[in-house]
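Working notes, beginning with the structure itself.
Since every read-out is calculated from the coordinates, none of them should be taken as a lab result. Every value quoted in this text rests on a predicted model; they were computed, and no experiment measured them. With ideal geometry, Cβ positions are generated from the backbone for all residues, glycine too; neighbour counts draw on all protein chains shown.
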Amino acid sequence: MTEVPPMDTHASALKHELSLLDEDATMSADRMDAVFAGLAADTVDKKPSLRDRLRELSTPVRVALGVSGALVMVAVMSLTMGVRPGLGGEALLRYALVVTSIAGLVAASFSVSLRGLHQRQLGATGWVIISLALLVPLALALIPEIWSTGAPMAMMAGDGMDMCLPLGLATGALTTAVAWVFQRQDFPLIYRLLAAAGGGGLTAFAMLQLHCPATDPTHLLVTHAGVGLVLAAVVALVVVIRQRGAQA
Amino acid sequence: MSEPTDQELMRRYVERGDRAAFQALFARYAGKLKGMFMRHTGDHAVSEDMVQQTFLHFHRARKDFSLDREVRPWLYTIALNVRREYFRRRGRKKEVQLEPIVHGEPTVAPSTTTRSDRLVRRALANLTEQQREVILLHWYEGMSFPEIASTVGASLSAVKVRAHRGYEKLRSQLSESV
């Protein structure tokens, strides 16, 4: 068996080669001052705006505030528009369980979206969470038993249900905007925005499920569960247009 | 009087928003960070921009800093993530420039252009990102393995394995090239 030399032997054998890349990265005092002046103008010398104050909060606080914003959105919409009929007893417990799980997934999405650069980046795990945030509503929409309350449908298809998509989009977009406000990057990478859109879509789905009495899987799939995907498509489009603009 | 430690400067900066402490930390690390970015981009302007971005995020994340931590690994974690995000914005192009050895012009002009430099750059570019990161921090930044582990968010043993494999691979590639 060939004996592998220890690491120090490898490292010292490479001393000459690796020293070829010793970059001369010295900055003159003037250059150092100029770079720092530019930096200070955006940081310590700047009167912080409201957004600066929000994005400079610690990461757990930013995530908690983002999730609270989503919960407030669901609560306000439910209070102003009312909840679906027959929501009590066993159905209420079932709904509570599902909405709590959705809130957990919103928290996970916002954690991906707002993860600080001082933290190890999540890589594939982040994409798994984003995919779950976008796809879980679709899966839930296909299981009508979860959403049954035993009460007869208060509305028939088309009876005010055409408002579901615009309402969902408005709720989802506002929740996505809440997550965006807490971003530390001026131009966040697409995965951060997709995670925010996923959280927005989940919030819209929970809000619509609490309000709309429909159990038709097609309606649930297209107008309730599809909000996250629509927001994700809009986010992707905006990022592509911005990148093309930057390259032009 | 002795120089204040990183921790002392960081405490003054985080607790009191002390501008002089922020500037002192910048003066202490800006050149080193620029050197690290230069090894990845070969471009002075881009490297200085990355230094600025690193300290911008350092400032925005200061409330996430726990005062009993070491400053350097924390700062370098931000720097490595700034670099990653920069390359992701550019569409996942190779992080270490792979200039042709015989002909053609590099996309980004390296600071030095001898054939040997390019062989070393090419050998580094052929390492996995994790191996390259560990070797650059160990060799050029003079970080200890525990510091590197804290910087890249991996276990000490994982970092040692990456370094060992990386150095081994570099040595074998460079001995083949010479």
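Quick check: residue separation of A:R53 and A:V128 times 0.36 nm, minus the Cα distance between them. What number comes out in nm?
Extra length from A:R53 to A:V128 when fully extended: 23.9 nm.
Can you tell me how region B:1-97 classifies by the Cα gyration tensor, rounded, prolate or oblate, using a/c under 1.5 as the rounded cut?
Prolate shape, in that a/c is at least 1.5 and a/b is the bigger ratio.
Might you report the magnitude of the Cβ-based charge dipole of region B:8-56 about its Cα centre, with Lys and Arg at +1 and Asp and Glu at -1, to the nearest 20 debye?
200
Other chains' Cβ within 10 Å of A:117-127 residues: what's the mean?
Average neighbour count from other chains, rounded to a whole number: 5.
Tell me, how many Å apart are the Cα centres for region A:76-109 and for region A:207-240?
Cα centroid to Cα centroid, the span is 16 Å.
What does the net charge come to around B:L127 if you take all other residues with beta carbon closer than 10 Å to its beta carbon, with K and R at +1 and D and E at -1?
With Lys, Arg at +1 and Asp, Glu at -1, the net is +2.
Just grab the label-to-label distance for B:A45 and B:S144, each label 7 Å out from Cα along the Cβ direction, in nm (one decimal).
4.1
Can you find, among B:V51, B:N81, B:Q23, the residue sitting farthest towards the positive end of the charge dipole of region B:1-97, where Lys and Arg contribute +1 and Asp and Glu -1 at Cβ?
The listed residue farthest towards the positive side: B:N81.
So if each residue of separation counts as 0.36 nm, and I subtract the Cα-Cα distance between A:S28 and A:L92, what length gain in nm does that give?
Taking A:S28 through A:L92 to full extension adds about 16.3 nm, to one decimal.
With charges only on Cβ, +1 for K and R and -1 for D and E, what is the dipole size of region B:1-97 about its Cα centre, in debye, rounded to 20?
Charge dipole, region B:1-97, about its Cα centre: 520 debye, nearest 20.
Compute the signed sum of charges (Lys and Arg +1, Asp and Glu -1) over the other residues within less than 9 Å, Cβ to Cβ, of B:M50.
Net charge around B:M50: 0.
Spin-label point model (7 Å from Cα, Cβ direction): what's the B:V161 to A:K46 distance in nm?
Roughly 4.2 nm, to one decimal.
Using label points projected 7 Å from each Cα along Cα→Cβ, tell me how many nm separate A:R242 and A:T218, to one decimal.
Placing both labels 7 Å beyond Cα along the Cβ direction yields 3.7 nm.
Could you give the length gained by full extension between A:A177 and A:L79, i.e. 0.36 nm per residue of separation minus their alpha carbon distance, to one decimal place?
33.1 nm
So what J values fall out for region B:71-79 if you push phi through Karplus, 6.51 cos²θ - 1.76 cosθ + 1.60 with θ = phi - 60°, rounded to Hz, Gly and Pro as x?
For region B:71-79, the Karplus curve yields 6, 4, x, 5, 5, 5, 4, 4, 4 Hz.
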